[in-house]
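First the structure, in the form of structure tokens, and then the observations on it.
The values are calculated or read from the model by the stated rules, or taken from the named source; none is laboratory data. Bear in mind the structure is a predicted one, so any value in this text is a computation, not a measurement. In this analysis, Cβ positions are derived from the backbone assuming ideal geometry, glycine residues included, and neighbour counts consider all displayed protein chains. Note: areas computed on protein heavy atoms with side chains; ligands, DNA, RNA excluded. Shrake-Rupley method; radii C 1.70, N 1.55, O 1.52, S 1.80 Å.
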There are 2 protein chains.
Amino acid sequence: MCGIESITSVEKAGTIDLAVISVPTANVIPEMKKLAAMGTKHVIIITAGFKEEGADGRRLENELKKIASDNNMRIIGPNCFGIIDTHSGINTTFSSLLPPRGNAALCSQSGAVGATMFDWSRSSRVGVSKFVSLGNKMDVCEADMISYLSTDEDTEVIGIYSEGISDGRGFIRSVQGMEKKKPIIILKSGRTSAGSRAASSHTGALAGSDSIYNAVFRKLNILRAKDIDEMFDLISVFSLSRPMEKDGIAIITNAGGLGVMAADACSDDDWVTLAELSRRSMEKISEEVPSAASVHNPIDLRGDAKNDDVIKVIKIISADEAVGGVIVLASPLDMIDLNSIAESLYSVKNDIRIPIAVCFAGGSVAEEAAAILRSGGVPTFATPERAVRALSALREYGINKDFSGTPLVLPEVSGRPETLKVITNVKNDGRISLSEEEGKRILSSYGIPVPPEGTADSAHEAAELAEKIGFPVVMKILSPDIHHKTDIGGVIVGIKSHDEAMDAYETIMARTMVAMPDAKIDGVSIQKMVSGQEVILSLIRDEQFGPVISFGLGGIYVEILREISNAVVPMTSEELDRMITSTKAFRLLSGARGKPPADIASMKDIILRMIKIAEDNPELYELEINPIMVGKIRGGSWAVDALATLRFDDE
Amino acid sequence: MCGIESITSVEKAGTIDLAVISVPTANVIPEMKKLAAMGTKHVIIITAGFKEEGADGRRLENELKKIASDNNMRIIGPNCFGIIDTHSGINTTFSSLLPPRGNAALCSQSGAVGATMFDWSRSSRVGVSKFVSLGNKMDVCEADMISYLSTDEDTEVIGIYSEGISDGRGFIRSVQGMEKKKPIIILKSGRTSAGSRAASSHTGALAGSDSIYNAVFRKLNILRAKDIDEMFDLISVFSLSRPMEKDGIAIITNAGGLGVMAADACSDDDWVTLAELSRRSMEKISEEVPSAASVHNPIDLRGDAKNDDVIKVIKIISADEAVGGVIVLASPLDMIDLNSIAESLYSVKNDIRIPIAVCFAGGSVAEEAAAILRSGGVPTFATPERAVRALSALREYGINKDFSGTPLVLPEVSGRPETLKVITNVKNDGRISLSEEEGKRILSSYGIPVPPEGTADSAHEAAELAEKIGFPVVMKILSPDIHHKTDIGGVIVGIKSHDEAMDAYETIMARTMVAMPDAKIDGVSIQKMVSGQEVILSLIRDEQFGPVISFGLGGIYVEILREISNAVVPMTSEELDRMITSTKAFRLLSGARGKPPADIASMKDIILRMIKIAEDNPELYELEINPIMVGKIRGGSWAVDALATLRFDDE
């Protein structure tokens, strides 16, 4: 479209800082070779027809990649839309819709979504510093852009559209800490493909890659937008507003109904609440605006509110200690001139030390007034709920930014040698699944308590063993021929004494003789009976982000309630606590409805050891303990069942 | 504002069909009296200053109400914005922003939200048939409007903004059946005030009035919008689209990213799924549009899609059996002219027999093209997700419209006399709370199984009684002086035989003698031990909507998981089934993770009897069974605990 047929025509013009390739696919490799020979280090490849086209394209792209890495070249694309720097004036895109200059850096995997961003930017008056279309991300990816943009002086907020992070571990490494400098908003689509990963554990399916993305974004204080509208709303508010230093939303409206909607949204929100105005503020409002229908928050100035009233009230409440942000809501009633309200808000906004979000609800009349506000750098939102979410995002980012990261101290336990023995043995057998017993050996080697057990061949031996293990115990017939032990009465639970153990052994044997006289009997197994609240804990190695720990309610509830929280390894002490406390399982363990609190400390110790296992043993693909029985306080926790599979790098 | 000073000036002009009162508050009553004397039957009172202003205003409003009912007058307002009928040309509002003529009836409790609706209607080009501002709803309320509008020939869809239904039972009575005629969209705000009702039961708080509103709206097939945007989206789609007769969403886009977002939204949606195109359709697409990057749904025509391509593909897929609705998504890329796509879509829309929803994602360029579409009566949406939700709402309404209502057959059981005895006794005691025993007497009188129990004074008697009740049993010390029976060893569970019962009696007595030698002993209670899955079932009498039945997971999970489903009494057989099957409790009972299925039939029988209790006994304010133990299949279900409170009409 634009572009020249071959780079040779400029060959003698000196060194090329940045080349843009936009030639037919077949010509890209030859041009790249010429650029390499000329010493050009930075190339943007607009041309499509690579990885996205299947096997042939993938081969071509690999060839490109080799040329680039052999010659230390950095590539944006291929299959991209180019870049724009509004401050220096560079524009390599083929778009006629250029965004205005500003402080928001936009980054889009998709060129078309990039075009949507430009169009939005022009209408919303949120100016752009840099725009980058990443395309196939053969080299430069989201992580590179975040690293770069977080030190870019022209950029205050980074907005990203992505369909998937290709190098998850690299992404975490690059971004960690960067998000403290600048807010990052991401719209990540492609939730549907989450279920594609094969997983044999229960949490494997639950910890689908999309919920792992959520865990990663939370870890990095990246705000994930739920749709395009929210992405644009959040970019607007971070681009235009000051930070929201404290909680407390005050609402001013000429329409009681809109105030109720915003109050509802505050009560549903995780990060902000409705401010309780001081008596002094309310008195001042009644004095200055006698017509106000409600001086309580939400402040309802009624349909006949005057322009001045809104400004008076903003000044009063922005001085109130309980108020951290203001939302102004208005309906286009005839008695009020939204345009002049917009102009007044525009003029006072610098005098107000807290963020202001505005929603004029309606159609073109409301929109005209909103446009005036935006031209003055005041963010506007289509609905009361979206205005609340925008301020809530300011707060969310601010709170998490100050969230300190204490390194997690893992128990000093060297289970690796024993675990490696188990793994080697399984591998030598040609298996990838571990038996329960093998799984438990790994857990034990890391000091995770498993209920003691043993085998007995006589009533006497059974009773002795039970005594050694400690009552109560469970006794089960051991036989390769008997698959449904319970059906033939081959399991007795709750054995509480030496005598009961003697009796139980005889009873089991007698029942077995009657039911299956020909079965080969290996004795009985005796296991300590443990009780407590069932939770599930698992490790799964995500293809993008590496080891992920999942935690939640266990037993039969895990699949039905799908109440699982994830965190990526390694994690800080605060992340671990957040993973645990954000679950309903934690509420149960803390002593819900008069239940005594459970032994959370011993359960947390098991999680720490699980993290150590994850760090030590790259061959373990999945390891799930379902359930852990968390006993009463100081009663300990036990890993009752273990499920594990391996994956080797050479596969 | 407008209005005349007194109605006497037109006194001689003949009968007045409709009077609009818009005079100072103090003059409203005198004018009403004059109108009454003149025989005017229909009055709109714009004037405010009534119920909404506190006690004095409430008194004034009661006076108004009396004049109206004494003279058979129907009143809209007071404190309202008036009405508009675009077809006859009546307009009693004081708005200069008038909506265009069309088929959507709008109804708003708040005048200001009404102004927002007008402004939206003008921009969105969704025309209005009637507009009514209801204000204080002294007489005419939402139910009246729905009754009227459902037979109004100019109206095809009804959109309502409400802050609360005042006569809930009347609302259900009026609306039932009407929603089959026309779709009703409601935006109901005021969720926050839900917690205001005093309730001593667990579900009392959970079944907050907002979740009861949800149950009522579901019952009546009223679509509840989550915010203003969704209300407008749904009104648009019902106003402009044909019904969506079958599932299957096909997506056509020039931007892969937008297609992914829409596909994600389909996979999250309860009512629609992504269509699987036939091989024939895909072949045709490849033939006709060779550049298409993906002929699988979502169909990606790439950034350089031509205007014609979109139309060709729409024609192909709208003939595909698997497709029930089409979504067209586009980004404003330079290579595509959105305006001409809009014009083509506009021109083909009548040839296509399935609904089309369009999202042009961006800012003013996208908006300009969207405006062309809207002027041609094609609904447009701001995001891919909102386009999906719009079609999903068409489908939701259509499916529920065909949902037949089989009357529920309740067991013929006359527990009322016995229940009334209990109630009278409690009332005579000056109590409102029933003891567990009194609650269980009510349950038993309606044939709800409670575990048999009795009291024994000797080991022998205890053993006899236990045998009669049936093992296993639980034995507990009975003493008004001992509050923590478990702490002194006064409870023994799992007693399985005559001998164990003898022993248990002696043990309990001996322990009590040691721990509390001076306690007054009334013997021991013996109760059948029942086991199974714990569920909760409750009846609460909602102030607006009358008796509501709630059902969900029981025991310690009820408060933590808050997993409760509600239905309003009376209900159809289908509503009862939906209430039961929509819960996670039902999934557990159906045999999750290899557990055997539970005795759902016996549990359902208990629910039927609970509904009978609700219908028979208006004095019962709350009755909660927590838990019901649902046994294994054919094992029966048992009401283990009962909590009940009364409320009398004269309070």
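Dipole size of segment A:73-147 about its Cα centre, with +1 on Lys/Arg Cβ and -1 on Asp/Glu Cβ: approximately 200 debye, rounded to the nearest 20. Residue order by solvent-accessible surface for A:Arg74, A:Arg374 is A:Arg74, A:Arg374, largest first, with ligands and nucleic acids left out and a 1.4 Å probe. Quick one: if you stick a label point 7 Å off each Cα along the C-beta vector at B:Asp210 and A:Glu63, how many nm between them? Calculated label separation equals 6.0 nm.
Placing pseudo-labels 7 Å out from each Cα toward the beta carbon at A:Ser344 and B:Glu543 gives an inter-label distance of 3.6 nm. Each other copy holds its own label point for A:Met38; taking that point as 7 Å from Cα along Cα to Cβ, the gaps run 8.9 nm, nearest first. Between B:Lys632 and B:Asp17, the contour length at 0.36 nm per residue exceeds the Cα-Cα span by 214.7 nm.
Protein-only accessible surface at a 1.4 angstrom probe places the residues B:Asp85, A:Asp641, A:Asp503 in the order A:Asp503, A:Asp641, B:Asp85, largest first. Take B:Glu53, push a point 7 Å out from Cα through the beta-carbon direction, and compare it with the same point in every other copy: 7.6 nm, smallest first.
Are there any trypsin sites (Lys or Arg not before Pro) in segment B:411-514 that are in a DSSP loop and have at most 14 other Cβ atoms within 10 Å? List them by number. Answer in residue order: B:Arg431, B:Lys496. Annotation: aspartates and glutamates with alpha-carbon distance below 18 angstrom to A:Lys632 (same-chain offsets under eight excluded): A:Glu534, A:Asp599, A:Asp605, B:Asp487. Think of it as helices only: each DSSP H run of n ≥ 4 in the protein assembly as shown is worth -39500 (n - 2.57), and spread over all residues that comes to -12000 deg cm²/dmol at 222 nm. Working from Cα positions, state the angle (0 to 90°, nearest 10) between the long axis of helix A:25-38 and the longest principal axis of chain A. Rounded to the nearest ten degrees, it is 80. A simple charge model with +1 on the Cβ of Lys and Arg, -1 on the Cβ of Asp and Glu and nothing else charged puts the dipole of segment A:533-646 at about 700 debye relative to its Cα centre.
Let me check something: with ligands and nucleic acids excluded, how do B:Thr273, A:Thr15 order by accessible area (1.4 Å probe), largest to smallest? All intermediate terms of the calculation are to be shown ahead of the outcome.
Numbers: B:Thr273 75, A:Thr15 110 Å².
Result of the area sort, largest leading: A:Thr15, B:Thr273.
Copy-to-copy label distances for B:Thr455, where each label lies 7 Å from Cα along Cα-to-Cβ, are 5.6 nm in order of increasing length. The GluC sites (Glu not before Pro) of segment B:20-75 include none that meets both criteria, a DSSP state outside H, G, I, E and B (loop) and at most 15 other C-beta atoms within 10 angstrom of the site's C-beta. Every pair of different Cα atoms in segment A:239-400 enters the Kirkwood calculation, which places the hydrodynamic radius at 15.2 Å.
Centroid-to-centroid, using Cα positions, segment B:467-524 and segment A:243-286 are 57 Å apart.
Nearest 5 percent is fine: what portion of the DSSP beta bridges confined to the protein assembly as shown is antiparallel? Let's see the in-between values first.
Details: 98 of 173 bridges.
Approximately 55 percent, going by the DSSP bridge assignments.
Candidate cross-link partners of A:Lys520 among the lysines, defined by an alpha-carbon separation under 17 Å and a same-chain spacing of 8 or more, comprise A:Lys476, A:Lys485.
Remark: segment B:469-477, residue by residue, has Karplus-estimated 3J(HN,Hα) of 5, x, 6, x, 10, 10, 10, 9, 5 Hz, where x stands for each Gly or Pro and the curve is 6.51 cos²θ - 1.76 cosθ + 1.60 at θ = phi - 60°.
Taking amide H as placed 1.01 Å from N in the peptide plane, B:Gly102 has its amide H under 5 Å from the amide H of B:Val128, B:Ser129, each at least 5 places away in sequence or on another chain. Going through the cross-link list B:Lys41/B:Lys182; A:Lys219/A:Lys612; A:Lys226/B:Lys226; A:Lys306/B:Lys188; A:Lys219/A:Lys421; B:Lys41/B:Lys66, which pairs have a Cα-Cα distance over 23 Å in this structure? The pairs that break the limit, which is 23 Å between Cα atoms, are B:Lys41/B:Lys182; A:Lys306/B:Lys188; A:Lys219/A:Lys421.
Take every residue in peptide A:506-516, count the Cβ atoms of other chains within 10 Å of its Cβ, and give the average of those counts.
Values: counts 0, 0, 0, 0, 0, 0, 0, 0, 0, 0, 0.
Averaged over the peptide's residues, the number is 0.
Each Lys or Arg adds one and each Asp or Glu subtracts one; over the other residues with Cβ under 12 Å from the Cβ of A:Arg609, this totals -2. The mean number of Cβ atoms from other chains found within 10 Å of a Cβ in peptide B:116-129 is 4, as a whole number. Take each residue in A:225-236, count the other chain C-beta atoms within 10 Å of its C-beta, and the mean is 3. The angle separating the long axis of helix A:55-70 from the principal Cα axis of greatest extent in chain A is about 80 degrees.
At the listed q of 0.05, 0.09 Å⁻¹, the Debye profile of the protein assembly as shown, built from one uniform point per Cα, gives log10 I(q)/I(0) equal to -0.46, -1.35. Around the amide H of A:Ile186, modelled in the peptide plane, lie the amide H atoms of A:Ile160, A:Leu223, A:Arg224, A:Ala225, all under 5 Å away and 5 or more residues distant in sequence or on another chain. Only protein heavy atoms count here; on that basis, with a 1.4 Å probe, A:Glu368 has an accessible area of about 110 Å².
The residues of segment B:318-345 listed by number as losing at least 10 Å² of accessible area in the complex, against the isolated chain and with a 1.4 Å probe, are B:Ser331, B:Pro332, B:Leu333, B:Asp334, B:Met335.
Could you tell me which residue out of A:Ser347, A:Met335, A:Asn307 lies farthest along the dipole of segment A:284-349 toward its positive end? Charges go on the beta carbon: Lys and Arg +1, Asp and Glu -1, centred on the Cα centre. So the residue furthest toward the plus end is A:Ser347. Tally Lys/Arg at +1 and Asp/Glu at -1 over every other residue whose Cβ is under 14 Å from the Cβ of B:Ile316; what's the total? Around B:Ile316, the charge tally is -2. For segment B:4-225, the residue among B:Met145, B:Ser95, B:Leu64 whose Cα projects farthest onto the positive side of the dipole built from Cβ charges is B:Met145.
Net charge near A:Met282: determine it from the other residues with C-beta under 13 Å of the C-beta of A:Met282, scoring Lys and Arg +1 and Asp and Glu -1.
Working: positive: A:Arg279, A:Arg280, A:Lys284; negative: A:Glu276, A:Glu283, A:Glu287, A:Glu288, A:Asp300, A:Asp320.
Taking every other residue near A:Met282 into account, the sum is -3.
How far is helix A:228-240 tilted off the main Cα axis of chain A, in degrees rounded to 10, range 0 to 90? The helix A:228-240 is inclined about 60 degrees to chain A.
Could you work out the longest stretch of chain A that avoids the chymotrypsin sites (Phe, Trp or Tyr not before Pro) located in DSSP loops with at most 16 other Cβ atoms within 10 Å? The partial results should precede the final answer.
Numbers: sites that count: A:Phe403, A:Phe648.
Result, exposed sites excluded: A:1-402.
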